[in-house]
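Below you'll find the structure, written out as structure tokens, and then a few comments.
The values are calculated or read from the model by the stated rules, or taken from the named source; none is laboratory data. Just so it is clear, the structure is predicted and the values come from calculations on it, not from any experiment. A quick note on method: Cβ atoms are made from the backbone with ideal geometry, for glycine too, and the neighbour counts reach across all protein chains shown.
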Amino acid sequence: MTATTPVGPDRARCRIAPSALALLQSARQGLASAESDMSAGGRYVSAHLAALRAAAAIVAARAEPATSRRRRPASVWELLPRVEPTLSEWAAFFAAGAGKRAAAEAGLPRAVSGREADELLRDAATFVSLAESALGVPVQAALPLATAI
């Protein structure tokens, strides 16, 4: 079952699976969490996970059903360019930051700087908005992003 989501007076209504909508909502919540986190590592992790959820929403909404052939599991960053080629560069960008996110999750104190966290938060907010647009979901208002002092 899919939810019908209005996308504006001049645009057609689109059908998005509730699971994809839930992932987009979770991505927005992750951005809010990142915004309020005082630690650079926490901001980085929350922002990266928000982008991951937004990418997963696109993959969930657009992916073809799996074939019976067994393959190695693919990350959402590998799947995203297959279902939304216009976001290929974003997929590569966030895939490249996965190691840094893992280091921040592990609590390594110098894994990310405040500036890196703030930049990733801005990039993740942009990406979440692009994901919403790609799915025809009304883009949420941008968060007032703080910067490190």
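Observations
- Out of Ser129, Ser88, sole residue that is under 18 Å from Arg62 (Cβ atoms) and either over 11 Å from the mean Cα position of the chain (by Cα) or crowded, with 21+ Cβ neighbours inside 10 Å (or both): Ser88
- Condition check for Leu21: modelled with pLDDT of 95 or more and either touching a His at 6+ places or on another chain (Cβ under 9 Å) or not in a strand (DSSP E or B) (or both): no
- Given (1) of a type in the set (A, V, I, L, M, F, W, C); (2) buried (at least 16 other Cβ atoms within 10 Å of the Cβ); (3) under 16 Å from the mean Cα position of the chain (by Cα); (4) assigned to a helix (DSSP H, G or I), number of the condition Ala104 does not satisfy: (3)
- Considered as a group, the residues in the range 107-121 that are under 12 Å from Ala47 (Cα atoms) and more than 12 Å from the chain's Cα centre (by Cα) include one that is surrounded by the most Cβ atoms within 10 Å (Cβ to Cβ), and that residue is Ala117.
- Test: residue in the range 51-59 that is in contact with a strand residue (DSSP E or B) (Cβ under 9 Å, 6 or more places away or on another chain) and buried (at least 17 other Cβ atoms within 10 Å of the Cβ): yes
- Only one entry of Ser113, Ser39, Ser26, Ser88 meets the criterion of being hydroxyl-bearing (Ser, Thr, Tyr) and under 17 Å from Gln140 (Cβ atoms), and that entry is Ser26.
- Scanning the range 72-119 for residues that are modelled with pLDDT under 95 and polar (S, T, N, Q) yields a count of 1.
- Residue within the range 52-68 that is among the β-branched types (Val, Ile, Thr) and modelled with pLDDT under 90 present: yes
- Test: residue in the range 27-46 that is charged (D, E, K, R), part of a loop (DSSP other than H, G, I, E, B) and at negative phi: yes
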